[in-house]
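The values are calculated or read from the model by the stated rules, or taken from the named source; none is laboratory data. Being a predicted model, the structure only gives us computed values, none of them experimental. Here Cβ is always computed from backbone atoms with ideal geometry, including for glycine, and neighbour counts include all displayed protein chains.
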Amino acid sequence: MKRRHFLATLGTLPAGSVLVAATPPPTLRSLAADVLVIGGGSAGAIAAIQAARLGAKTILVEAGSQLGGTTTTGGVDFPGLFHAWGKQVIAGIGWEIVKRTAELNNDELPDFAKPTGRQHWRHQVRINGQLYAALAEEACVQAGVQLRYYESPLTVEEAAGGWRVRLVGKGTMVDVTAKQVVDCTGSATAVGLAGLARMREETRQPGTLIYRVGGYDPAALDPNVLKALQEKHAAAVKSGALKRTDINGSVAGWLGKGGESGNHIVGADGSTSESHTETNIAGRQSLLRVLRFLQQEPALALMEIERLQPETGIRETYRIVGETTVTVEDYESGRVFADAVSHSFYPIDLHFAGGVRPKHLNEGVVPTVPIGALIPKGSKNLLVAGRCVSSDQLANSALRVQASCMAMGQAAGATAALAAGSGATPKAVPLADIRSALAKHGAIIPRTA
Ligand SMILES: Cc1cc2nc3c(=O)[nH]c(=O)nc-3n(C[C@H](O)[C@H](O)[C@H](O)COP(=O)(O)OP(=O)(O)OC[C@H]3O[C@@H](n4cnc5c(N)ncnc54)[C@H](O)[C@@H]3O)c2cc1C
């Protein structure tokens, strides 16, 4: 249709409205940074704050609407583990924000002096995820981090003195020239775009859509009703009305905890928009199947959703092939790497379609993370932090927890800032400088020989 004719068909606009006939393509802008952090999740927000607090001009780009990633949008608002065997092993910026979140919301911290035995989750800190996102954002702003939500990298190319990264977003297209890039996407997306090797498993761990149901009193449910419900559940799984992984464990157990973290979304993959869309749809379909099934039971007819996260939490996608790869033997033996920059503490925690069987560490063991596992092999001016750390699948099942990711984020942010300041590559930054910068910013550094 001819433009003049098209405009004529619109008729008169309401008073105060202006006609905008077409959305112009975004104009390409240029920005410069010392450190560009991509992905503002558990690791990335901390990496950016650390880099900026060390004086680096820092940009943090996040595809979503808020910081925190799996901690907040994914609803895993119970970060752990900062303590091991009666003492704190991870502190620093992540701990600072977690503690501040608990304080501001008047939440109590667990009693870390009290041993948990095999119930390691008792030392996880229950926080309000959305408040954590707000406080992490405030810390970024105060440190001078330039935040860019709703953007993702399209290309990551080597350029003089570092990288040129093209970011695209809603009506935006920006070329960022950065001396150092820290990839905290959880899937090592920027590393892949830079043409460097990543690894993934043929069978990845399932994801989980976090939600909680209420509207019934679990203690008041008649044991005979529960028994019958378990039989109906088996029949529903057999007929295909429910998937076996919609309700993990027994129905009574699931109802007892309001369904929280009670499903597995098999094949979950958050590494591309398409796979993450499919994963989110699969998560929400699982929820709808469960709700419709359980509400048929008269005692559960008033079941309601108390909490529902906007995306399915992802446990595993890609990991980098780093200068060093942490193996499960390294992890379980508590190997102290010569270039260790942080601790990690969690049982080996590999989830499979039917559940999870945690394998606890021996008394006194506190694993470490080497800076070499955060540097993609053969790379210059590039680091990662978070669950895409170079590690085998079993070691990764423990390394991926949030306190460990936050500590890795701080280590990567410090190393990137020091590298940008000195013109060195991350590998060439003296270890003593990294450790000293981290210690000055509250981190706990593993003791090496
Ligand atoms: C169901 C479930 C239960 C868990 N239970 C626990 C637990 O009990 N305790 C514990 O401590 N940990 C737990 N974890 C693990 C832990 O939460 C995650 O491994 C950790 O949060 C990952 O941190 P990350 O920074 O690597 O990634 P994320 O926190 O996922 O952050 C990645 C960020 O990058 C952004 N991003 C991705 N791609 C792009 C792109 N191309 N451009 C821009 N931004 C991008 C994402 O939007 C996101 O914000 C659990 C995880 C899941 C899924």
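Scan region 70-92 for residues that are on the phi > 0 side of the Ramachandran plot and away from the ligand (no atom under 12 Å from the Cβ) and report the count. Steps first, answer last, please.
If we filter region 70-92 for residues that are on the phi > 0 side of the Ramachandran plot, which is where we start, we get 75, 85-86, 92.
Checking which are away from the ligand (no atom under 12 Å from the Cβ) leaves us with 85-86, 92.
So the answer is 3.
Where the second residue is among the β-branched types (Val, Ile, Thr) and the first is more than 12 Å from the ligand (Cβ to nearest atom) and lies in region 180-197, which pairs have Cβ atoms under 6 Å and are six or more apart or on separate chains?
Matching pairs, first to second residue: 180/35; 194/156; 197/321.
In the set 330, 349, 339, which member is in contact with a Pro (Cβ under 8 Å, 6 or more places away or on another chain) and within 15 Å of the ligand (Cβ to nearest atom)? Full working, then the answer.
Details: 330 fails: within 15 Å of the ligand (Cβ to nearest atom); 339 fails: within 15 Å of the ligand (Cβ to nearest atom).
The conditions single out 349.
Determine the pairs where a residue that is under 17 Å from residue 346 (Cα atoms) and surrounded by 14 or more Cβ atoms within 10 Å (Cβ to Cβ), located within region 99-128, has a partner that is among the β-branched types (Val, Ile, Thr) and modelled with pLDDT of 95 or more with Cβ atoms under 6 Å apart, the partner being 6 or more residues away or on another chain.
Matching pairs, first to second residue: 125/98.
Let's see how each residue does on (1) out of contact with any strand residue (DSSP E or B) (no Cβ under 6 Å at 6 or more places or on another chain); (2) under 24 Å from residue 76 (Cβ atoms); (3) small (Gly, Ala, Ser); (4) surrounded by 13 or more Cβ atoms within 10 Å (Cβ to Cβ):
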| residue | (1), (2), (3), (4) |
| --- | --- |
| 239 | yes, no, yes, no |
| 250 | yes, yes, yes, yes |
| 260 | no, yes, no, yes |
| 269 | yes, yes, no, yes |
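From the list 423, 413, 355, 378, pick out the single residue that is assigned by TED's automatic domain parsing to the domain that holds residue 120, under 18 Å from the mean Cα position of the chain (by Cα) and among the small types (Gly, Ala, Ser). Write out each step before concluding.
Numbers: 423 fails: under 18 Å from the mean Cα position of the chain (by Cα); 355 fails: under 18 Å from the mean Cα position of the chain (by Cα); 378 fails: under 18 Å from the mean Cα position of the chain (by Cα).
Criteria check complete, one pass: 413.
Looking at the structure I just gave you, is residue 18 β-branched (Val, Ile, Thr), modelled with pLDDT under 95 and either more than 16 Å from the ligand (Cβ to nearest atom) or in a loop (DSSP other than H, G, I, E, B) (or both)?
Details: β-branched (Val, Ile, Thr): yes; modelled with pLDDT under 95: yes; either more than 16 Å from the ligand (Cβ to nearest atom) or in a loop (DSSP other than H, G, I, E, B) (or both): yes.
Against the criterion (β-branched (Val, Ile, Thr), modelled with pLDDT under 95 and either more than 16 Å from the ligand (Cβ to nearest atom) or in a loop (DSSP other than H, G, I, E, B) (or both)), residue 18 qualifies.
Could you tell me which numbered condition residue 222 fails, if it satisfies all but one of (1) among the acidic types (Asp, Glu); (2) touching a residue at least 24 places away in the same chain (Cβ under 8 Å); (3) within 30 Å of residue 404 (Cα to Cα)?
(3)
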